Amino acid sequence: MCLPVKLPNLGKQCKMGHMPRSQPEPAPAPAAADAADAADAADAADAADAAEILRAITRIGYLITRARRHDLVRTVAAVPLDRAAVMVLQQLAEAGPVRPGELAARLSVEAPHITRQVQRLQQAGYATRTPDPDDRRAQLIQLTPAGRAASDRIREAGTGGMQAALAHWPPQELHQLATLLHRMVDDFLAYSAAEEPG
């Protein structure tokens, strides 16, 4: 027969010849330091990816906008305009009739810059000014048929070069890239607008 004996540090008595079973200890919670280290690693990875995206955009921006590339597109499209005027031409093709101030905002430039470029487009027969039907004191800038045709030729020349450069890409990857680039631009524009004072 087992006599009741108080076991040290157990607080249990021997009963029916059996020792009390010890309960399993709960798993330790993750240390705060480990969580902080994981968060820091994730932030570092995000920063590295953002830096690589910026680097890639800078490179492609240089390649697309450099003078030699512009001269090639201009020659293929037969459009005698400099790069600044081409930017305004393409924006007008995308936006349709628009006020000068809105056009300047779309291109993130000052109004005098737009005035100069629109004058060049008008001299080339590519753009015209018409009264704004919503406000007769204001004017709208829009492309002429010749300006629309010039814009189409520039776009086709640029698209042809892009297709040739990415001809070995699978179609689904091209579509994914186009989707993500538009998403990135939209998010960046929204962020920039929120950062502006006032």
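Bear in mind that the values in this text are calculations on the coordinates, not laboratory data. This one's a predicted model, so the numbers in the text were calculated from it and none came from an experiment. In this analysis, Cβ positions are derived from the backbone assuming ideal geometry, glycine residues included, and neighbour counts consider all displayed protein chains.
Across the range 142-177, which residue is nearest to residue 115 (Cα to Cα) among those that are among the small types (Gly, Ala, Ser) and in contact with a strand residue (DSSP E or B) (Cβ under 7 Å, 6 or more places away or on another chain)?
First, pick out the residues of the range 142-177 that are among the small types (Gly, Ala, Ser): 146-147, 149-151, 157-158, 160-161, 164-165, 167.
Checking the rest, the ones that are also in contact with a strand residue (DSSP E or B) (Cβ under 7 Å, 6 or more places away or on another chain) come to 147, 151.
Details: 147: 17, 151: 19 Å.
The residue in question is 147.
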Study note, to complete from the structure: Of 104, 93, the only residue that is free of Cβ contacts under 8 Å to residues at least 40 places away in the same chain, of a type in the set (A, V, I, L, M, F, W, C) and surrounded by 12 or more Cβ atoms within 10 Å (Cβ to Cβ) is 104
Practice item. Among the residues of the range 72-92, write down those that are among the β-branched types (Val, Ile, Thr) and either within 16 Å of residue 119 (Cβ to Cβ) or touching a Ser or Thr at 6+ places or on another chain (Cβ under 7 Å) (or both). Key: 86, 88
**Study point:** Within the range 136-164, considering residues that are touching a Lys or Arg at 6+ places or on another chain (Cβ under 9 Å) and assigned to a strand (DSSP E or B), the one nearest to residue 79 (Cα to Cα)
**Key:** 142
Point to revise | Selected residue (only one of 78, 84, 149 is at positive phi and surrounded by fewer than 16 Cβ atoms within 10 Å (Cβ to Cβ)) | key: 78
Review point. When the range 47-77 is examined, which residues are found to be within 17 Å of the chain's Cα centre (by Cα) and among the small types (Gly, Ala, Ser)?
Key: 47, 48, 50, 51, 56, 61
